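So the structure is just underneath, and the comments pick up after that.
Where a number appears in this text, it was derived from the coordinates with a stated rule and is not lab data. None of these values were measured; they are calculated from a predicted model. No Cβ is skipped: glycine too gets one built from the backbone with ideal geometry, and neighbour counts run over all protein chains shown.
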Amino acid sequence: MNALTFNRHSVWAIYKFEMARALRTITQSIITPVMTTSLYFVVFGAAIGSRMTQVDGVPYGSFIVPGLIMLSLFTQSIFNGSFGIYFPKFVGTIYELLSAPISYLEIVVAYVGAAATKSIILGLLILTTASLFVPIRILHPEWMIAFLVLTSMTFSLFGFILGIWAQGFEQLQMIPMLIVTPLTFLGGSFYSISMLPPTWRTIALFNPVVYLISGFRWSFYGTSDVGVEISLAATLGFFIVCLLVVGWIFKTGYRLKS
């Protein structure tokens, strides 16, 4: 196959297989995350919203919507991206994939594209569900879609890296549970970091998740903890780092050919 030819048929075959797998496990892939996020709206909206009516001029129930969407987006993108490539490693079909007439770029596009698509669908479903509980306005819909797509792709790519690195299901779940989820909760999902004392506010700025959530929330309400340009630059920076790591993995065959 010509190196300059993009094998669309192979990419489409892998993409369709991954999307079909999501439909076979729709309860785990879609319904459970939506129901879990809905519980967050009910619990936090009722328990905290009754005491904290507004944050930065936005009703508290509406204020937490972008953060909750990002919370689900991070975890599900990582899960979809990691499991998609880890399962072929687990059952041994990864060697058939590596020997097939398909380039590394096409493998990444297929798996990451499918993982990101599932996460974007989930994010839109959660947004629709949230609108049933609280009033939502989106001041910059084009930026909302841009952040949604870019974040889904970035964390699906990060999950792809995690799936190659992991040597067991424990390692596959370790990073999301011990690192990503805590950083998300501490990254302003349920509050503005401007509400923190100065020392903790400075510490919070070292949390990369703050920049992702802040930019996404700005697209809804025009309010953010950091500038939207900084949020976009941070997201693009993380995406580029993940691309470089994936390139190094396929160049060296790290945990793929052994």
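Contact order normalised by length for the chain, with contacts defined as Cα pairs under 8 Å and 6 or more residues apart; what percent is it? Walk me through the numbers before you get to the answer.
On the way: 299 pairs, mean separation 64.7, N = 258.
This gives 25 percent for the chain.
Residue 248 label point, 7 Å along Cα→Cβ, cut-off 20 Å on backbone N: hits in region 101-143?
Residues 104-105, 108-109 qualify, since their backbone N sits under 20 Å from the label point.
By count of other Cβ within 10 Å, fewest leading, how are 218, 165 ordered? Could you put the intermediate results ahead of the total?
Working: 218 23, 165 16.
Listed from fewest to most nearby Cβ atoms, that is 165, 218.
Which distance in nm do the two modelled labels at residue 255 and residue 230 give, with both placed 7 Å along the Cα-to-Cβ direction?
Roughly 3.3 nm, to one decimal.
Checking understanding here: applying a Kyte-Doolittle mean of at least 1.0 and a length along the axis of at least 30 Å (C-alpha), which whole DSSP H helices in the chain pass? Can you show the working numbers first?
On the way: long enough: 60-91 (46 Å, 1.07); 104-130 (38 Å, 1.66); 141-165 (36 Å, 1.56); 228-252 (36 Å, 1.95).
Helices meeting the span and hydropathy rule in the chain are 60-91, 104-130, 141-165, 228-252.
Quick one: Cα centre-to-centre distance for region 74-141 and region 176-211, in angstrom?
Using only Cα atoms to place each centre, the spacing works out to 25 Å.
Label-point separation (nm) for residue 133 and residue 21, each offset 7 Å from Cα along Cα-to-Cβ?
Here the modelled spin labels are 3.0 nm apart.
Can you give the translational diffusion coefficient of region 8-252 in µm²/s, computed by Stokes-Einstein from the Kirkwood radius over Cα pairs at 37 °C and 0.692 mPa s? Can you show the working numbers first?
Values: Rh = 18.6 Å.
Rounded, D is 177 µm²/s.
Please go through region 3-87 and write out the trypsin sites (Lys or Arg not before Pro) that DSSP classes as loop and that have at most 11 other C-beta atoms within 10 Å. Don't skip to the answer; put the middle values down first.
On the way: sites: 8, 16, 21, 24, 51; in loops: 51.
Sites meeting the loop and neighbour criteria: 51.
Which lysines, if any, have their Cα less than 20 Å from the Cα of residue 251, not counting same-chain residues under 8 positions apart?
89
Treating only the Cβ of Lys, Arg, Asp and Glu as charged (+1, +1, -1, -1), what charge dipole size does the chain show about its Cα centre? Round to the nearest 20 debye.
Working: 13 positive and 8 negative charges, 72 e Å.
The dipole of the chain has a size of about 340 debye.
Can you give the net charge of the other residues whose Cβ lies under 12 Å from the Cβ of residue 58, counting K and R as +1 and D and E as -1?
Values: positive: 137, 217; negative: 56.
Every neighbour counted, the sum reads +1.
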